[in-house]
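The values are calculated or read from the model by the stated rules, or taken from the named source; none is laboratory data. No experiment lies behind these values; they were computed from the predicted model shown. All Cβ positions, even for glycine, are placed from backbone atoms using ideal geometry, and neighbour counts span all protein chains on display.
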Amino acid sequence: MPPRRWGSSGYRGIRERPNGWYSAEIRSGNVRLGLGSFRSTYKAARAYGAAAWHLERPQSQMNFWDVFTREQAQRVAPPPRLITDMDCADHARRQRRLLIAEEDE
């Protein structure tokens, strides 16, 4: 099996957005955890590392190897917001309602 690519940012789980910010996300089975948007790749990678530690991933799947306890991971990044398919459907439904309300005005 070929080695996993780390992407253009140089870190695992980090993507650059068109506006210049970086988003971090990690997957756990069928669930995607959105970790937020950050101004620098370093901050996004730290958030990914903390989430990977919380999910008990092996050391090889982390961007930084200096997080050893739950307290350190909590200081590095707050707990991630859970983003599921149901969350996306709820958001789309709210956006449609907002659009209809704006058209009625």
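Restricting to the range 14-43, name every residue that is at pLDDT 85 or above and assigned to a loop (DSSP other than H, G, I, E, B).
R17, P18, N19, G20, W21, R39, S40
State whether the residues of the range 52-70 include one that is at pLDDT 80 or above and part of a helix (DSSP H, G or I).
yes
Kindly establish whether R46 is in a loop (DSSP other than H, G, I, E, B), modelled with pLDDT of 80 or more, under 14 Å from the mean Cα position of the chain (by Cα) and surrounded by 10 or more Cβ atoms within 10 Å (Cβ to Cβ). Steps first, answer last, please.
Values: in a loop (DSSP other than H, G, I, E, B): no; modelled with pLDDT of 80 or more: yes; under 14 Å from the mean Cα position of the chain (by Cα): yes; surrounded by 10 or more Cβ atoms within 10 Å (Cβ to Cβ): yes.
So R46 does not fit the description; no.
Does any residue in the range 58-79 that is more than 20 Å from G34 (Cβ to Cβ) come within less than 7 Å, Cβ to Cβ, of a residue that is modelled with pLDDT under 70 six or more places away or on a different chain, and which pairs are these?
From the range 58-79, the pairs are Q59/W65.
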